[in-house]
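Working notes for the structure below.
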Amino acid sequence: MTKADDVGPPEKPVKVASPERIAAFRTGLSAESRAAAFLMAKGYRILAKRFRTRYGEIDIVARRRNLLAFVEVKARATLDDAAYALTARQQARIIEAAQAWLIAHPEQAEFELRFDAMLIAPRRLPRHLLAAFDAST
């Protein structure tokens, strides 16, 4: 029996990411690594990176003393561009994902919660925006 005689369901076509998407993915990974290193240098312990939920993804979950920070990392050509890239819709998604984190990790629910942003731009130190947004908006 030859391969041509083998009858079965047709194979699904393989999705191939565009070079732009691949580059953006790599940039994001690099930015998240830089952000995590910067946070660790500031005394934070990284609890999770790229925590995925049905609501979306939290780039970094970090803890320092009695504070739990959910950190969104934005990498753009300039720090200002990175700051403007954090939309209200993304903030709502991160808040929902943070609630999922707390359900999955109830032992962390007693900590003070904060939503930070880490802005990344080429040839610049990362900028850590403390309490970039809050869950009440």
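Have a look at Leu67, Leu86, Leu79 and point out the one that is touching a residue at least 24 places away in the same chain (Cβ under 8 Å) and farther than 22 Å from Met40 by Cα.
After ruling out the rest, the residue left standing is Leu86.
Of all residues in segment 113-130, count the ones that are in a strand (DSSP E or B) and under 15 Å from Tyr84 (Cα atoms). Can you show your working first?
Restricting attention to segment 113-130, the residues satisfying the condition of being in a strand (DSSP E or B) are 113-120, 127-130.
Imposing the further condition that a residue be under 15 Å from Tyr84 (Cα atoms) reduces the set to 116-120, 127-129.
Matching residues across segment 113-130 total 8.
Run down Ile103, Ile95 and say which single residue is touching a residue at least 24 places away in the same chain (Cβ under 8 Å) and over 17 Å from Phe38 (Cα atoms). I'd like the intermediate steps shown before the answer.
Values: Ile103 fails: touching a residue at least 24 places away in the same chain (Cβ under 8 Å).
Of the residues listed, the single one that is touching a residue at least 24 places away in the same chain (Cβ under 8 Å) and over 17 Å from Phe38 (Cα atoms) is Ile95.
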Does segment 107-118 contain any residue that is in contact with a helix residue (DSSP H, G or I) (Cβ under 9 Å, 6 or more places away or on another chain), of a type outside the set (A, V, I, L, M, F, W, C) and surrounded by fewer than 19 Cβ atoms within 10 Å (Cβ to Cβ)? yes
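Each reported figure results from applying straightforward, stated rules to the coordinates on display, with no laboratory input. Worth saying up front: this structure is predicted, and the values here are computed from it rather than measured. Every residue, glycine among them, receives a Cβ derived from its backbone with ideal geometry; neighbour counts consider all protein chains shown.
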